[in-house]
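Below: one structure, written as structure tokens.
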């Protein structure tokens, strides 16, 4: 049976590395395809460097799909033996929140797609609720949407891990 594993952590905590290794470990047991849904947008020099670094370090067995807003058919058309890594759901939510035609319906649609996904799903996300409340409305909106989405993912996931300073800690295992 396909399972969902939600991996949380702060920026540069090692969560992507842990998620990739988790996907590769699952691949040893199943014959499906190995997908990497990359959500980052190279909107500035720093982000371009970060994306380039992620790409250069990524195992070549992954089939990479660039989808900043998760509008990709693979989550709906995968098989139970496929392994899909989404990195990072928080960046995707940020991308969605900043588009002109944003509506809460888009978040609900992504929730339904993820919940009904039949493959092994590994989702990387930022733990955003441990800092101060930001002074601007868009940042506060992101924290609310992100926090609620993280709680949703925790509810539907079989496993939840928190990565701190490169050390993964299992916080849910069903």
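Values for this structure:
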{"quantity": "The stretch 52-125: equivalent-ellipsoid semi-axes (sqrt of 5 x gyration tensor eigenvalues, Cα, Å)", "calculated": "21, 17, 9"}
{"quantity": "Segment residue 29-residue 47, length gained on full extension (0.36 nm per residue, minus Cα span)", "calculated": "3.1 nm"}
{"quantity": "Convex hull volume per residue for the chain, taking Cα atoms only, in Å³", "calculated": "117 Å³"}
{"quantity": "On Cα atoms only, tilt of 15-27 relative to the major axis of the chain in degrees", "calculated": "20 degrees"}
{"quantity": "Label-point separation, residue 158 to residue 143 (7 Å along Cα→Cβ), nm", "calculated": "3.5 nm"}
{"quantity": "Exposure proxy ranking, count of Cβ atoms within 10 Å, fewest first, for 34, 24", "calculated": "24, 34"}
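Rule-based calculations on the coordinates, nothing more; no lab input. Note that this is a predicted model, so its numbers are computed, not measured. Cβ atoms come from the backbone with ideal geometry, glycine included; neighbour counts cover every protein chain shown.
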